[in-house]
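*Asks:* Encoded as structure tokens, here's the structure I'll be asking about.
The values are calculated or read from the model by the stated rules, or taken from the named source; none is laboratory data. Small disclaimer: the values here were computed from a predicted structure and weren't measured. Cβ placement follows ideal geometry from the backbone for every residue including glycine, while neighbour counts extend to all protein chains displayed. Accessible surface is based on the protein model in full, side chains and every heavy atom, while ligands, DNA and RNA are left aside. Shrake-Rupley method; radii C 1.70, N 1.55, O 1.52, S 1.80 Å.
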Amino acid sequence: APAGTFRGEPARALLTGEDGPRLIDDQGKTVTALPAGEWRWPQGSDMLLRHYYAGNREMTDYTGLDGKKRLSVEGLASAYSEGRAVTRVSNRGMRALDGKGALAGPAFDALGPLREGLAPVGIDSGYGYVDAQGKLAIAADYRAVAPFSNGRAVVSTVEESMIIDASGKQVARVEMVCGMRTLYGSHNQRLWPLSLPSRCTR
């Protein structure tokens, strides 16, 4: 039967077999059975989720690791991260959901998971980051952004990719110089390669 990886303490894994979806312990014993459906246990989440249709309405259910239902919201919603999930509210709009399933903050063209207090966001001008209240914390000056991890995130413009901190300050960047990927530090000093080809004027 398809099974996920073991996580947490005590260790648990999500397994789906002929007996239906269930959580098992590290001995393979069923800890709790789950209602029928395609359940997922997103990385970093303390709740399981499933998407399904009730009539012509798309729904998302959230269930704790004890098998008890925590929340049910309308729409195709994401996993909760730091008390927020994300759901699509229109063909072009996405909004955050709070811990009670209520819409929170403004709508954006694109919205990612809240990690370390910041969530990737897409607006007309590009991509940046908003805080838990939906306020723009790092300007949407990028073509691509990734969630924060350990106080850092990777962002890209047309010309270069860089690592930034939670204030939006550049920690390091990579750009093409004379056909070579070149790494620069926070003070624009070249870290790699140590030397450039003689044909390169930079």
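*Asks:* Read through the list (1) under 20 Å from Gln43 (Cβ atoms); (2) among the small types (Gly, Ala, Ser); (3) in a loop (DSSP other than H, G, I, E, B), then give the number of the only condition that Gly168 fails.
*Replies:* It fails just one condition, (1).
*Asks:* Of the residues in segment 15-38, how many are part of a loop (DSSP other than H, G, I, E, B), charged (D, E, K, R) and surrounded by 10 or more Cβ atoms within 10 Å (Cβ to Cβ)?
*Replies:* Result for segment 15-38: 4.
*Asks:* Of the conditions (1) at pLDDT 90 or above; (2) hydroxyl-bearing (Ser, Thr, Tyr); (3) assigned to a strand (DSSP E or B), Thr182 fails just one. Which one is it?
*Replies:* (1)
*Asks:* Can you find, within segment 67-76, the residue that is surrounded by the most Cβ atoms within 10 Å (Cβ to Cβ) among those that are in contact with a strand residue (DSSP E or B) (Cβ under 6 Å, 6 or more places away or on another chain) and within 20 Å of Leu14 (Cβ to Cβ)?
*Replies:* Leu71
*Asks:* May I pose another question? Take segment 138-149 and flag every residue that is touching a residue at least 24 places away in the same chain (Cβ under 8 Å), over 14 Å from the mean Cα position of the chain (by Cα) and open to solvent by 20 Å² or more (accessible area, probe 1.4 Å).
*Replies:* Across segment 138-149, the qualifying residue is only Ala139.
*Asks:* I've got another one for you. Tell me which strands (runs of 3 or more DSSP E) are completely within segment 62-151 and hold 1 or more residues being closer than 27 Å to Trp39 by Cβ, or say none if there are none.
*Replies:* Ranges flagged: 69-74, 85-88, 94-97, 103-108, 119-123.
*Asks:* Those residues that are in contact (Cβ under 8 Å) with a residue 24 or more places away in the chain and either under 14 Å from Asp66 (Cβ atoms) or among the basic types (Lys, Arg) (or both), I need them from segment 1-27; list them, please.
*Replies:* Arg7, Gly8, Arg12, Leu14, Leu23
*Asks:* Cβ-Cβ under 8 Å, sequence separation 6+ or interchain: first residue in segment 28-40 and on the phi > 0 side of the Ramachandran plot, partner open to solvent by less than 60 Å² (accessible area, probe 1.4 Å) and not hydroxyl-bearing (Ser, Thr, Tyr). Which pairs?
*Replies:* So the pair list comes out as Gly37/Pro21; Gly37/Arg50; Gly37/Asp61.
*Asks:* Quick one: is Ser45 within 17 Å of the chain's Cα centre (by Cα), part of a loop (DSSP other than H, G, I, E, B) and of a type in the set (Ser, Thr, Tyr)?
*Replies:* For Ser45, the condition - within 17 Å of the chain's Cα centre (by Cα), part of a loop (DSSP other than H, G, I, E, B) and of a type in the set (Ser, Thr, Tyr) - is met.
Results for (1) open to solvent by 40 Å² or more (accessible area, probe 1.4 Å); (2) out of contact with any helix residue (DSSP H, G or I) (no Cβ under 6 Å at 6 or more places or on another chain); (3) closer than 30 Å to Thr201 by Cβ, shown as yes or no for each residue.
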| residue | (1), (2), (3) |
| --- | --- |
| Ala96 | no, yes, no |
| Ala110 | no, yes, no |
| Glu116 | yes, yes, no |
| Gly128 | no, yes, no |
| Glu160 | yes, yes, yes |
| Asp165 | no, yes, no |
| Gly168 | no, yes, no |
| Glu175 | no, yes, yes |
| Cys178 | yes, yes, yes |
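*Asks:* Could I ask something else about it? Say whether the condition of being open to solvent by 90 Å² or more (accessible area, probe 1.4 Å), in a strand (DSSP E or B) and among the hydroxyl-bearing types (Ser, Thr, Tyr) is met by at least one residue in segment 52-61.
*Replies:* Looking for residues that are open to solvent by 90 Å² or more (accessible area, probe 1.4 Å), in a strand (DSSP E or B) and among the hydroxyl-bearing types (Ser, Thr, Tyr), one finds at least one in segment 52-61, hence yes.
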